[in-house]
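The values are calculated or read from the model by the stated rules, or taken from the named source; none is laboratory data. Just so you know, these numbers come straight off a predicted model, no measurement behind them. Ideal geometry is used to build each Cβ from the backbone, glycine not excepted, and the neighbour counts take in all protein chains shown.
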Amino acid sequence: MLNINKEQSGESLKVVLEGRLDTMTAPVLESELKQSLDNVKDLVFDFEKLEYISSAGLRVLLSAQKVMNRQGSMKLVHVRPEVNEVFEVTGFVDILTIE
């Protein structure tokens, strides 16, 4: 299960994820982002409560990063060690901005 909370302020969008970003939930996030990224210049993902991410979740993040490379910036904050380990093993630490 994945809870997605969006907080928009002008051209900034914060997406707070809680739960698991996997094969079942990644399409839901992808759909939410497609509807939300127009006119967004600053995208922040808050992963404080994200417990797990699969390759399907990584694909959604990569897609969002490509969009934001064209129109602004994207960063991940409050990434838990178990999720950060996935980013390290896959090389996503070199692609994504993680704070």
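On the given criteria, is PHE87 free of Cβ contacts under 8 Å to residues at least 40 places away in the same chain, surrounded by 14 or more Cβ atoms within 10 Å (Cβ to Cβ) and in contact with a His (Cβ under 6 Å, 6 or more places away or on another chain)?
Here the answer is no, as PHE87 does not meet what is asked.
Return the residue satisfying two criteria in turn: it lies in segment 37-53 and is buried (at least 16 other Cβ atoms within 10 Å of the Cβ) and not in a strand (DSSP E or B), and of such residues it is farthest from the chain's Cα centre (by Cα).
Result: VAL40.
Considering only segment 54-77, state which residues are in contact with a strand residue (DSSP E or B) (Cβ under 7 Å, 6 or more places away or on another chain) and either assigned to a strand (DSSP E or B) or not small (Gly, Ala, Ser) (or both).
GLN65, MET68, SER73, MET74, LYS75, LEU76, VAL77
Going through GLU18, GLU7, GLU11 one at a time, which residue ends up being acidic (Asp, Glu) and either under 19 Å from THR97 (Cα atoms) or in contact with a Gly (Cβ under 7 Å, 6 or more places away or on another chain) (or both)?
On the way: GLU18 fails: either under 19 Å from THR97 (Cα atoms) or in contact with a Gly (Cβ under 7 Å, 6 or more places away or on another chain) (or both); GLU7 fails: either under 19 Å from THR97 (Cα atoms) or in contact with a Gly (Cβ under 7 Å, 6 or more places away or on another chain) (or both).
Exactly one of GLU18, GLU7, GLU11 is acidic (Asp, Glu) and either under 19 Å from THR97 (Cα atoms) or in contact with a Gly (Cβ under 7 Å, 6 or more places away or on another chain) (or both), namely GLU11.
With the checklist (1) modelled with pLDDT of 95 or more; (2) not hydrophobic (A, V, I, L, M, F, W, C); (3) not in a helix (DSSP H, G or I) in hand, flag the one item GLU85 doesn't pass.
It fails just one condition, (3).
If you scan segment 22-38, which residues turn out to be out of contact with any Phe, Trp or Tyr (no Cβ under 7 Å at 6 or more places or on another chain) and of a type outside the set (Ser, Thr, Tyr)? Give the steps one after another, and end with the answer.
Let us first name the residues in segment 22-38 that are out of contact with any Phe, Trp or Tyr (no Cβ under 7 Å at 6 or more places or on another chain), namely 23-38.
Hits for segment 22-38 are MET24, ALA26, PRO27, VAL28, LEU29, GLU30, GLU32, LEU33, LYS34, GLN35, LEU37, ASP38.
Within segment 7-27, can you find the residues that are touching a strand residue (DSSP E or B) at 6+ places or on another chain (Cβ under 7 Å) and surrounded by 15 or more Cβ atoms within 10 Å (Cβ to Cβ)?
Here is the first cut: in segment 7-27, the ones touching a strand residue (DSSP E or B) at 6+ places or on another chain (Cβ under 7 Å) are 7, 11-22, 25.
Result: LEU13, LYS14, VAL15, VAL16, LEU17, GLU18, ARG20, LEU21, ASP22, THR25.
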